[in-house]
1. Condition check: buried (at least 19 other Cβ atoms within 10 Å of the Cβ) and away from ligand 2 (no atom under 12 Å from the Cβ). Does TYR185 satisfy that?
2. Among strands (runs of 3 or more DSSP E) lying entirely in the stretch 68-179, which contain 2 or more residues that are of a type in the set (A, V, I, L, M, F, W, C), farther than 28 Å from GLU231 by Cα and out of contact with any Phe, Trp or Tyr (no Cβ under 9 Å at 6 or more places or on another chain)?
3. Please state which one of GLN147, GLN137 is more than 16 Å from ligand 1 (Cβ to nearest atom) and in contact with an Asp or Glu (Cβ under 8 Å, 6 or more places away or on another chain).
4. Any chance you could count how many residues in the stretch 156-189 are away from ligand 1 (no atom under 11 Å from the Cβ), under 17 Å from ASN95 (Cα atoms) and among the small types (Gly, Ala, Ser)?
5. Within the stretch 244-265, does at least one residue satisfy the condition of being under 15 Å from CYS146 (Cα atoms) and outside any loop (DSSP other than H, G, I, E, B)?
6. So which residues in the stretch 167-201 are basic (Lys, Arg) and in contact (Cβ under 8 Å) with a residue 24 or more places away in the chain?
7. Do we have ASP161 as closer than 24 Å to LEU119 by Cα, out of contact with any strand residue (DSSP E or B) (no Cβ under 9 Å at 6 or more places or on another chain) and either free of Cβ contacts under 8 Å to residues at least 40 places away in the same chain or more than 16 Å from ligand 2 (Cβ to nearest atom) (or both) here?
8. Which residues, taken from the stretch 79-122, are at pLDDT 90 or above, closer than 20 Å to GLU38 by Cβ and among the small types (Gly, Ala, Ser)?
Amino acid sequence: FLVLRRELPEIPENSDISPSEFANDPDPSVFQKRYMKEIRELGKGHFGKVILYLYDPANDGTGEYVAVKSLKQESGHVPESWMKEIDILKSLHHNNIVKYKGCCTELGGQVVQLIMEYLPQGSLRDYLPSRKLGVPQCLMFAQQICQGMDYLHSRRYIHRDLAARNVLVENDSLVKIGDFGLSKYIPEGKIYYQVREDGDSPVFWYAIECLRESKFSFPSDIWSFGVTLYEILTRCDSRQSPPEKLREMMNSPNEQMTLLALLKMLERNLRLPCPRDCPHKVKLLMDQCWATDPEQRPSFKSLIEQLELIRR
Ligand code: ADP
Ligand code: MG
């Protein structure tokens with residue numbers, strides 16, 4: 001990681017790096033804290049907090065807006081998983097994946113921040129409820145998510161947290177996948193990743209085998225995509241959200257029994273219902289994504305093709 005220039009000790013005369021070299025060729029991925037003007041909070045998740053900043057080195061308001069993610073608990077050491085999230089995002093280059101811009105590191109304090117492009121419309125959860133989006137536009141967004149996910153899978157990463165809250169909206173015709181905080185690399189020859197630590201898991205987006213055996217794979221992302229597709233077609237209406245709806249279907253008031261009750265219900269082949277104006281063919285797609293056998297689920301490539309046919 002690159003260190004903030006301001007935090008560097010005075011550079012001695014005989015140093016290999018002269019201050020002018022710094023000034024002439026600044027690394028565009030190093031953001032200096034002193035030029036960052038906080039605008040407002042954009043969102044909070046389980047692990048991180050994202051704040052909108054204006055990065056304005058010229059100090060005349062001509063700077064650029066950036067979204068800056070930092071860990072919620074700003075305690076002593078920086079966990080390994082946080083560095084992984086940054087490295088993964090840095091290595092991804094696709095039109096439907098949020099762009100990495102750089103880092104901001106504080107020496108000593110070690111508060112490392114991840115700097116990304118700012119998507120003005122926020123997540124699908126912020127965007128969808130207030131618009132009257134037609135089904136064709138919903139399906140266009142869904143297809144773009146599949147395109148970003150197909151790329152991610154081609155790089156052998158699984159996302160593990162695909163949900164409307166983690167899909168960001170650039171404008172009416174472009175969405176990008178964000179939040180790679182739970183992403184994992186699946187080495188060649190392996191088919192799943194078994195999770196050890198399991199704290200605040202997004203269980204209502206989890207595939208049956210994730211609940212049963214904590215096994216995460218390419219097909220378990222497909223399941224979560226099915227849930228995300230459901231969210232899009234309900235326009236992220238909070239009364240029909242996956243946790244609300246699935247809890248209602250399990251009728252188990254006991255919070256502690258949630259996981260077991262959810263698994264039992266899925267094992268009885270019960271699934272989220274068809275959203276109100278959702279075309280039958282799209283519901284069939286969701287149900288394919290929610291096949292009990294992971295091998296029966298479609299790939300993102302196949303979903304792209306099927307969505308293309310439905311959209312025509
Ligand atoms: P967490 O890992 O804590 O869930 P996320 O990366 O999902 O953090 O970000 C939390 C929220 O912040 C998102 O749901 C979204 O509303 C907002 N957000 C995140 N990244 C951006 C961005 N690049 N532009 C605009 N809003 C963002
Ligand atoms: Mg998130």
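1. So TYR185 fails the test.
2. By residue number, no strands (runs of 3 or more DSSP E) qualify.
3. Selected residue: GLN137, the only one of GLN147, GLN137 that is more than 16 Å from ligand 1 (Cβ to nearest atom) and in contact with an Asp or Glu (Cβ under 8 Å, 6 or more places away or on another chain).
4. 1
5. Narrowing the stretch 244-265 to residues under 15 Å from CYS146 (Cα atoms): none.
No; the residues of the stretch 244-265 include none that is under 15 Å from CYS146 (Cα atoms) and outside any loop (DSSP other than H, G, I, E, B).
6. LYS176, LYS184
7. no
8. GLY102, GLY122
The values are calculated or read from the model by the stated rules, or taken from the named source; none is laboratory data. Worth saying up front: this structure is predicted, and the values here are computed from it rather than measured. For neighbour counting, all protein chains shown are included, and Cβ atoms are generated from backbone atoms with ideal geometry for every residue, glycine included.
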